[in-house]
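Trainee: Mind looking over this structure? Questions follow.
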Amino acid sequence: MSVTSSTAVVDQLGELPPGHMQAPPRSWWDRSFRPLLLAGLSVGIVVLAILLIFIFVSGWSRLTPTLWQNMPSIQFPELAGAQSAIMGSIWVIATTACISLPVGIMAAIYLEEYGNPNGRFFRLVEINIQNLAAVPSIVYGILGLGVIARALALGQTVITAAITLSLLVLPVVIISTREALRAVPQSIRFGSLALGATKWQTIWKQVLPAALPGTATGSILALSRAMGEAAPLLLLGAVTYITFNPSGVMSAYTVMPIQIYNWTSQSRDEFHTLAAALCVLLLVILLIMNGVAIFLRNRYQRRW
Amino acid sequence: MKMSTTAKPDTEPRNLVGVSADGSDPAPTPRAHSLMDALVFGRPAPSPDLLDPVLSLRKVHVYYGDYEAVRDVTMSMGKNEITALIGPSGCGKSTLLRCLNRMNDLIPGARVAGDIRYHDIDIYQPDVDPIELRRRVGMVFQKPNPFPKSIFDNVAYGPRVQGVKKSELADIVEESLRHAVLWDEVKAKLKESGLALSGGQQQRLCIARCIAVKPDVILMDEPCASLDPIATQRIEDLMRALAADYTIVIVTHNMQQAARVSDRTAFFTAELDDAGVRHGRLVEFDVTNKIFTSPADGRTEAYVSGRFG
Ligand SMILES: Nc1ncnc2c1ncn2[C@@H]1O[C@H](COP(=O)(O)OP(=O)(O)OP(=O)(O)O)[C@@H](O)[C@H]1O
Ligand SMILES: [Mg+2]
């Protein structure tokens with residue numbers, strides 16, 4: 001087939017008049033398309049650069065160890081730090097990971113390996129997950145406040161925040177894990193099953209390890225989104241002025257985006273500098289997380 | 001075997017297919033040029049009747065949904081014999097092979113009617129555990145499919161999932177790799193990925209992985225399809241050696257391969273029924289020599305002599 005069609009192309013080329021290889025005069029649209037695309041691309045980069053330079057310059061003077069060594073203070077901005085917010089973020093994100101990763105990965109395994117894709121239940125779940133991924137985060141905040149903080153009486157604690165953020169990132173974890181599982185070739189499953197492994201052994205020892213890099217990439221990106229999230233936590237009452245580190249999941253807490261929000265709403269300029277410095281720190285952490293995700297993706301991409 | 005060609009001395013035949021002992025000979029391999037050459041192998045001819053069938057199929061039909069891919073197959077595979085399944089593409093060889101260790105269970109819509117027995121057990125009875133069956137009836141796939149793990153872990157995987165003690169694994173891995181004639185090539189790099197091997201080495205790794213679980217039967221679906229002549233040669237030699245301990249069923253498109261390695265050959269073809277639907281049918285099943293030298297059916301003759309398909 002392909003041989004005949006390619007000879008046909010060659011024949012056609014042979015009949016073309018000499019000189020047909022010269023580029024035809026290009027239209028205005030043709031010539032301007034590429035610069036236009038470049039311009040579109042540079043808007044993003046320029047905005048990001050301006051943003052980074054701006055907050056870097058404004059926060060530079062407070063990018064000192066006191067930022068993570070000291071607690072927030074209302075009276076003494078020159079002594080104030082963000083340790084409670086940094087530790088709060090770590091607690092909340094770690095707890096979120098502990099909840100959302102096992103649940104999300106199990107859900108994805110069910111959908112990819114066990115579920116019947118033509119079943120009604122399966123399609124209902126699938127559509128719901130896609131819709132949930134598009135729900136604004138503030139809505140999750142309302143849910144968390146009404147159901148987790150009040151109805152379940154978990155209050156304004158790390159665990160409430162973690163459960164709420166877990167719900168927020170769960171669709172992303174499930175979708176990216178499913179993609180990673182789907183990328184594992186069937187021949188690996190068949191090879192394992194043909195050796196007398198059970199379905200569960202095949203999933204646990206072959207499919208999941210092979211899907212791990214993809215899962216990790218998606219999960220890290222999802223968690224880094226949760227880390228920068230302020231809206232749902234504002235509703236959950238993380239606004240309170242906290243000068244201690246969380247001591248457990250039932251502890252009160254604040255997180256970095258909320259601390260930034262607090263400081264920017266203060267009237268004194270010193271606090272704005274602090275907010276900018278904390279922004280830089282948050283961005284650095286997020287960039288590192290995304291960097292790890294990209295590294296994992298490139299390092300372990302398609303080994304078969 | 002009454003053919004005059006069997007008079008060739010036993011020590012000679014390996015050279016007929018022309019690879020020097022260390023496999024390094026770069027000269028074009030003077031392989032068997034005709035089927036007659038290929039049949040000159042100095043093996044004792046199998047008895048015309050199967051005395052000790054390990055697998056026996058009776059009136060087997062295989063369906064994919066409503067489509068009947070294989071129709072009414074009755075045949076057996078004898079102990080310590082190599083049975084070759086040949087026939088044109090799409091005649092249901094792979095389908096039939098996958099039924100023998102119930103890998104077809106994994107294909108949605110696939111269904112088997114009739115009777116397939118492993119020794120005396122009807123393997124499609126509800127009380128038969130396909131996992132247990134696959135431990136005894138192993139499979140090597142057409143495309144080498146090593147796991148994305150180290151060479152050691154590839155071979156140790158089967159024993160591990162069956163709960164073999166950790167202390168025994170090293171011995172099993174070495175023994176299996178030796179058995180698959182791969183040990184000398186990989187003994188220094190057991191910790192490296194199985195995917196870093198060449199295609200032929202990967203296929204031998206898959207064979208080692210398969211024999212590590214000590215099956216009774218090995219099913220091979222075109223195991224040499226993606227290999228060069230030297231790797232093919234190695235795998236064929238390996239199959240002959242394995243036949244001493246295992247019962248082997250092999251699907252192949254290579255007539256000479258079937259002639260060279262198998263004891264018995266089953267020829268399948270795709271037949272149109274009255275409604276114009278193609279079904280795989282077993283045309284002839286006999287001792288390999290017979291199939292290639294004096295087949296009973298005209299279609300077999302046409303196929304093995306290259307006038308068909
Ligand atoms: N998973 C499947 N679902 C539906 N039909 C299938 C499936 N696998 C095979 N078939 C059909 O069954 C028939 C036999 O296929 P099979 O793969 O067994 O042929 P084969 O003899 O192995 O061919 P080849 O030599 O090309 O490998 C074909 O018509 C094919 O289309
Ligand atoms: Mg096939």
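The values are calculated or read from the model by the stated rules, or taken from the named source; none is laboratory data. Quantities reported herein were computed from a predicted structural model and do not represent experimental measurements. Don't worry about glycine lacking a Cβ; one is built from the backbone with ideal geometry, like all the others, and counts go over all protein chains shown. Protein only, heavy atoms only, side chains kept; ligands, DNA and RNA dropped before computing areas. Shrake-Rupley method; radii C 1.70, N 1.55, O 1.52, S 1.80 Å.
Trainee: Using helices alone, I'd like the mean residue ellipticity at 222 nm for chain A: each DSSP H run of four-plus residues gives -39500 (n - 2.57), total over residue count, nearest 500. Mind showing how you got there, number by number?
Mentor: Values: 13 runs with 202 residues, N = 304.
Rounded to the nearest 500, the figure is -22000 deg cm²/dmol.
Trainee: For a quick protection proxy, order the peptides B:203-213, B:170-180, A:71-81, A:152-162 by their average other-Cβ count within 10 Å, most packed first. Intermediate values should be presented prior to the final figure.
Mentor: Working: B:203-213: 27.1, B:170-180: 18.7, A:71-81: 14.6, A:152-162: 20.8.
Top to bottom by mean Cβ count within 10 Å: B:203-213, A:152-162, B:170-180, A:71-81.
Trainee: If you don't mind, another one. How crowded by other chains is A:67-78, given as the mean number of beta carbons from other chains within 10 Å of each beta carbon?
Mentor: Numbers: counts 0, 0, 0, 0, 0, 0, 0, 0, 0, 0, 0, 0.
So the per-residue partner count for this stretch is 0.
Trainee: How big is the Rg/Rh ratio for the range A:85-254, C-alpha atoms only, Rh by Kirkwood, two decimals?
Mentor: With Rh from the inverse mean 1/r over Cα pairs, Rg/Rh is 1.06.
Trainee: Still on this structure, I have one more. Could you grab the relative contact order for the range A:85-254? Cα pairs under 8 Å, six or more apart, rounded to a whole percent. Don't skip to the answer; put the middle values down first.
Mentor: Numbers: 200 pairs, mean separation 62.5, N = 170.
So the answer I get is 37 percent.
Trainee: Sticking with this structure for a sec: How compact and how long is the protein assembly as shown, expressed as Rg and Dmax of its alpha-carbon atoms in Å?
Mentor: Taking only Cα atoms of the protein assembly as shown, I get Rg and Dmax of 33.3, 109 Å.
Trainee: Take every DSSP beta bridge whose two residues both sit in the protein assembly as shown, then give the antiparallel share in percent to the nearest 5. Show your work: numbers first, answer last.
Mentor: Numbers: 28 of 47 bridges.
Of those bridges, close to 60 percent are antiparallel.
Trainee: Averaged over peptide B:156-162, how many Cβ atoms belonging to another chain are found within 10 Å of each residue's Cβ?
Mentor: For this peptide, the per-residue mean of nearby foreign Cβ atoms is 5.
Trainee: If one takes the longest principal axis of the Cα atoms in chain A, at what angle in degrees, from 0 to 90 and to the nearest 10, does the Cα axis of helix A:120-132 lie?
Mentor: 60
Trainee: With each label point set 7 Å from Cα along the Cα-Cβ vector, what nm distance links A:PHE122 and B:ASP274?
Mentor: So the label points at A:PHE122 and B:ASP274 sit 3.7 nm apart.
Trainee: To continue, here is another question. Let me cross-check A:PHE295: its accessible surface, 1.4 Å probe, with only protein heavy atoms counted, in Å² to the nearest 10?
Mentor: 120
Trainee: Go ahead and set up a Gaussian network model of chain A, Cα springs under 10 Å, then flag whichever of A:PRO246, A:PRO171, A:PRO25 fluctuates most.
Mentor: Judging by the Gaussian network model, the answer is A:PRO25.
Trainee: Please give the contour-minus-distance gain from B:ILE107 to B:ASN80: 0.36 nm per residue of separation, less the Cα-Cα distance, rounded to one decimal in nm.
Mentor: Details: separation 27, 0.36 × 27 = 9.72 nm, distance 2.94 nm.
Working it through step by step, the gained length comes to 6.8 nm.
Trainee: When you look at the Cβ of every residue in A:183-193, what mean number of other chain Cβ atoms sits within 10 Å?
Mentor: Details: counts 0, 1, 3, 2, 7, 5, 2, 6, 13, 6, 9.
Across the residues of A:183-193, the mean count of other-chain Cβ atoms within 10 Å is 5.
Trainee: How would you order B:289-302, A:129-142, A:91-104 from highest to lowest mean count of nearby Cβ atoms within 10 Å? Present the calculation step by step, with values, prior to reporting the outcome.
Mentor: Numbers: B:289-302: 17.9, A:129-142: 15.4, A:91-104: 20.4.
Peptide ranking by packing, descending: A:91-104, B:289-302, A:129-142.
Trainee: Grab the beta carbon distance between B:ALA241 and B:LYS187, set R0 = 22 Å, and tell me the FRET efficiency rounded to 0.05. The partial results should precede the final answer.
Mentor: Numbers: r = 19 Å, r/R0 = 0.86.
The computed FRET efficiency comes out at 0.70.
Trainee: Same structure, new question: Keeping all protein chains in the complex and leaving out DNA, RNA and ligands, what accessible area do you get for B:GLU168 with a 1.4 Å probe, in Å² to the nearest 10?
Mentor: 80
Trainee: Then there's this: Just how large is the dipole of the protein assembly as shown about the Cα centre, in debye to the nearest 20, putting +1 at every Lys and Arg Cβ and -1 at every Asp and Glu Cβ? If you can, show how the numbers build up before the last one.
Mentor: Numbers: 56 positive and 52 negative charges, 211 e Å.
With Lys and Arg at +1 and Asp and Glu at -1, about 1020 debye.
Trainee: Keeping all protein chains in the complex and leaving out DNA, RNA and ligands, what accessible area do you get for B:SER167 with a 1.4 Å probe, in Å² to the nearest 10?
Mentor: 90
Trainee: Right, something else. Any chance you could run the full-extension gain for A:SER27 through A:ARG268? It's 0.36 nm times the residue separation minus the Cα-Cα distance, nm to one decimal. Could you put the intermediate results ahead of the total?
Mentor: Numbers: separation 241, 0.36 × 241 = 86.76 nm, distance 5.72 nm.
Additional length available on full extension: 81.0 nm.
Trainee: Also, quick follow-up: Can you pull the one-decimal nm distance between simple spin-label points at A:ALA39 and A:LEU152, each 7 Å off the Cα toward Cβ?
Mentor: Those two pseudo-labels are separated by 5.1 nm.
Trainee: Which FRET efficiency, nearest 0.05, do A:TRP204 and A:ALA183 yield, Cβ-Cβ r, R0 25 Å?
Mentor: On the way: r = 18 Å, r/R0 = 0.70.
That gives a FRET efficiency of 0.90.
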